[in-house]
Amino acid sequence: MSIYTQQVLCNLSGTLHSKANKDMIKILIFDWGDTVMRDFIQYPGPMAYWPKVEAINGIKNALKFLKNKYILCIATNAKESDTKLMIKALERVNLKKYFDYFYSSNDLGYKKSNSNFFLTIAKNIDAKTSECVMIGNDYKKDIIGAKLTGMKTILFNEKTIQDDFCSADDIIFSMDDLPEKIKNLDK
C-alpha cells in the first residue's frame with residue numbers, strides 16, 4: 001500500500017470513527033483463522049479435518065464474557081472451508097456455541113477486504129454497520145474493508161507487528177484484553 005493511499009485511509013478512518021460512535025455496539029464479527037482458531041499452515045485442506053486444531057489463547061473466556069452482551073458472528077475467507085466446515089472445526093474446540101451467525105466468503109460471494117463482504121453480513125443480521133465491530137488479525141483484509149463500511153474495528157496483533165494501523169479503532173495483543181476494549185469502544 002502506498003504512503004498516499006494509507007494517509008487517505010487514515011484520514012477517512014478518523015471521519016468514519018467519529019460517525020460510527022453514535023450507535024451502541026450490538027454485533028461483534030470475528031475473523032476465524034488466527035483470531036479465533038490457530039491456522040496451522042502446514043496442514044492442507046479444510047481445518048475441520050486437520051489432525052490438530054486449537055483455539056487462540058484467551059478466546060474462550062472472551063467469548064464467554066461477550067456472549068451475554070452482544071450478538072457474536074464469525075466470518076472467514078478460508079479458501080478450502082465453507083460455512084459448514086468452519087462450524088465443524090469450531091465444534092472440535094467447543095466454540096460453536098458462542099456464535100449466533102456463521103459466514104464464509106465461499107457462501108457470501110465476496111472476499112474480505114471487499115466492503116460487500118461486511119455490508120452483506122450486516123444486512124443479513126439486520127444491523128447498521130455502525131453497530132458492528134470487526135475483530136481480526138489481518139489489517140488489510142479484516143480491518144480496512146470493515147472500516148470503509150463504517151464498522152468499528154479491533155486489530156488482533158498477537159505477533160506484535162510494528163506498523164501504522166491507523167484504520168483500527170484499537171489494537172489488542174492478547175484475547176484477554178478484548179472485553180475491556182469492546183467496553184471502551186461502546187462508550
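Bear in mind these aren't lab numbers, they're just calculated from the coordinates by the rules spelled out. Quantities reported herein were computed from a predicted structural model and do not represent experimental measurements. All Cβ positions, even for glycine, are placed from backbone atoms using ideal geometry, and neighbour counts span all protein chains on display.
For Ser104, the residues 5 or more places off, or on other chains, whose built amide H falls under 5 Å of its own are Thr76, Thr83. For region 101-187, chymotrypsin sites (Phe, Trp or Tyr not before Pro) meeting the loop criterion (DSSP other than H, G, I, E, B) and having at most 11 other Cβ atoms within 10 Å: none. Dividing the summed helix terms, -39500 (n - 2.57) for each DSSP H run of n ≥ 4, by the number of residues in the chain produces a 222 nm estimate of -9500 deg cm²/dmol to the nearest 500. Equivalent ellipsoid of region 67-140: semi-axes from √(5λ) of the C-alpha gyration tensor, largest first, are 19, 17, 11 Å.
Within region 134-176, the trypsin sites (Lys or Arg not before Pro) that combine a DSSP coil assignment with at most 10 other C-beta atoms in a 10 angstrom radius are Lys159. In a simple Cβ point-charge model (Lys, Arg +1; Asp, Glu -1; nothing else charged), region 3-185 has a dipole of about 440 debye relative to its Cα centre. Residue-wise HN-Hα couplings along region 152-169, as the Karplus relation 6.51 cos²θ - 1.76 cosθ + 1.60 with θ = phi - 60° gives them from phi, are 7, 9, 10, 8, 8, 9, 4, 8, 6, 5, 8, 6, 8, 9, 5, 7, 7, 5 Hz; Gly and Pro carry x. Computed over region 3-185, the P(r) tail beyond 28 angstrom holds 17 percent of alpha carbon pairs. Note on Lys79: aspartates and glutamates with a C-alpha under 12 Å away, same-chain residues under 8 apart excluded, are Asp107.
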